[in-house]
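Quick note: the coordinates plus some simple rules give every number you see, no bench work behind them. Model, not experiment: these values are computed from the prediction. All Cβ positions, glycine included, derive from the backbone under ideal geometry; neighbour counts span all protein chains shown.
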Amino acid sequence: MNTTLKIVAALVAGALVTLPTLVQAKTSNTEDTLRILLVSDDGCRSEGSQELFKALTEQGYDVWLSGPANNQSGKGTAVTFKPGKELTYEKIGEKEYCFNGTPVDSVLFGLTGLMAEQKPDLVISGVNDGPNVGVNQFNSGTVSAAARAVRHGVPAIAVSMGFRLEEAKTGFPSSMEYIPAGVEHTLAVVKKLNDKKLVGQPLLPKGTGLSINYPPYPTAEIKGVKYIENERYPDYNYTFKLVDEKTVVQELNFKPFLAASDPTVTTDTTELMRKYITYTVFNAHWNAPEAVASYKAILN
């Protein structure tokens with residue numbers, strides 16, 4: 001039974017006798033200090049989340065952190081569906097919370113719980129300790145948390161660190177080493193948004209968000225910012241190899257990253273590997289109106 005049917009069934013059965021009255025959030029982007037909700041998929045205590053929370057707070061922004069209680073990488077758009085049940089969270093600092101759920105649960109906890117009376121001007125998801133390019137963007141908890149905020153009309157940015165392929169056997173230490181650089185870049189982006197904000201207007205074009213991937217190299221080696229689409233028909237990020245009639249082995253596929261050595265190939269993955277900071281603008285509505293006429297021609 002899908003989620004919608006479960007809700008209907010619960011209502012019919014009387015399991016949900018009354019629904020809570022949702023607080024009508026005040027309009028975001030007022031003259032007050034920029035309000036930011038910080039989420040992640042690496043966990044509320046992850047280095048990327050904590051470093052970014054500290055840096056944004058020191059800049060004078062009103063920052064709230066709502067992250068999963070533990071690492072939830074790769075959870076994508078998954079949610080916890082337990083209506084009427086008590087879920088747990090922990091306050092670990094001033095305006096810092098760990099929620100026992102997925103990255104999308106955490107952003108919803110922030111939007112409808114912690115910041116219900118006045119929604120944030122901006123949601124930032126990250127800094128993630130690995131790249132979210134190619135098909136990885138689709139299953140990324142980091143990008144999905146940002147996309148969920150966008151779906152509800154709140155501007156959002158996802159920030160992720162690239163990796164060095166030659167470090168695959170050692171756990172990609174450079175991705176962690178350069179998180180402070182990713183944090184600094186994020187601060188610069190937020191400053192631009194804050195400097196150019198118009199009272200009562202969204203910080204970013206409505207219905208869109210931005211996925212940033214930052215290469216883990218010294219500043220002198222960074223080639224600049226490149227706006228590029230997420231690859232539309234990417235290769236698999238992993239495959240399954242049949243072992244016998246009952247078991248398989250999951251194998252990672254690094255071909256999309258290795259393609260950076262081929263100058264004829266240009267994707268968001270190759271450009272990150274070529275030391276560009278990649279900016280991918282995304283929407284979260286999952287509609288394809290441009291294809292409706294073709295569907296009608298096929299199905300009518």
- For W286, W64, ascending order of other Cβ atoms within 10 Å (fewest first) is W286, W64
- Message: Among A158, P173, P120, whose Cα projects farthest towards the positive end of the dipole of the chain, with charges put on the beta-carbon of Lys, Arg (+1) and Asp, Glu (-1)?
- Response: P120
- Item | Test item: Cα-centred dipole of the stretch 23-299, Lys/Arg +1 and Asp/Glu -1 on Cβ, debye | 660 debye
- Message: When the expected Rg is taken as 2.2 N^0.38 Å, what fraction or multiple of it is the alpha-carbon Rg of the chain?
- Response: 1.06
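Evaluate Rg over Rh across the stretch 203-300, taking Cα atoms for both radii and Kirkwood's formula for Rh.
When Rh is taken as the Kirkwood radius, the ratio is 1.10.
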- Item | Amide H contacts of A158 (H built 1.01 Å from N, under 5 Å, at least 5 apart or other chain) | S125, L210, S211, I212
- Message: Using 0.36 nm times the number of residues separating L242 and E94, minus their current alpha carbon distance, what extension gain do you get?
- Response: 48.3 nm
- For the chain, calculated [θ]222 nm from helices alone, where every DSSP H run of n ≥ 4 adds -39500 (n - 2.57): -7500 deg cm²/dmol
- Task: Filter the chymotrypsin sites (Phe, Trp or Tyr not before Pro) in the stretch 119-203 down to the DSSP loop ones having no more than 11 other Cβ atoms within 10 Å, then list what survives.
- Result: none
- Message: If the elastic network links every pair of Cα atoms under 10 Å, which of V183, V154, V281 fluctuates the most in the Gaussian network model of the chain?
- Response: V281
- Sparse-neighbour loop sites [GluC sites (Glu not before Pro); the stretch 236-300; at most 10 other C-beta within 10 Å; DSSP]: E245
- Amide H of I92: which non-local residues (sequence gap of 5 or more, or other chain) have their own amide H closer than 5 Å, using H built in the peptide plane? Y97, C98
- trypsin sites (Lys or Arg not before Pro) within the stretch 127-214, DSSP loop, no more than 13 other Cβ atoms inside 10 Å: K196, K206
- Message: If I require 20 Å or longer along the helix axis, counting alpha carbons, and a Kyte-Doolittle average no lower than -1.0, what helices from the chain are left? Use full DSSP H segments.
- Response: 179-195
- Task: For the stretch 147-275, count all C-alpha to C-alpha pairs, find those more than 25 Å apart, and express that count as a whole percent of the total.
- Result: 41 percent
- Query: Using the count of nearby Cβ atoms within 10 Å as a rough guide to exposure, how do V39, V225 rank from fewest to most?
  - Reply: V225, V39
- Message: I need the phi-derived Karplus couplings for the stretch 268-278: 6.51 cos²θ - 1.76 cosθ + 1.60, θ = phi - 60°, integer Hz, Gly and Pro marked x.
- Response: 5, 5, 5, 6, 5, 5, 8, 6, 9, 7, 8
- Under 20 Å from the 7 Å Cα→Cβ point of A288, by amide nitrogen: which residues of the stretch 222-243? 229-237
- Can you give the three extents of the C-alpha atoms in the stretch 36-131 along their principal axes, from longest to shortest, in whole Å? 39, 33, 22
- Message: If neighbour count is taken as other Cβ atoms inside 10 Å, put S125, S174, S46, S140 in order from fewest to most.
- Response: S174, S46, S140, S125
- Run through the DSSP bridge list for the stretch 71-224 and note the antiparallel percent, rounded to the nearest 5. 30 percent
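So if R0 is 25 Å, what FRET efficiency would E86 and T33 give, r being the distance between their Cβ atoms, rounded to the nearest 0.05? Spell out each step's value before the answer.
On the way: r = 33 Å, r/R0 = 1.32.
The formula returns an efficiency of 0.15 here.
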- Query: Among Y89, F99, L34, which residue has its Cα positioned farthest towards the positive end of the charge dipole of the stretch 23-299, with +1 placed on the Cβ of Lys and Arg, -1 on the Cβ of Asp and Glu, and the dipole taken about the Cα centre?
  - Reply: L34
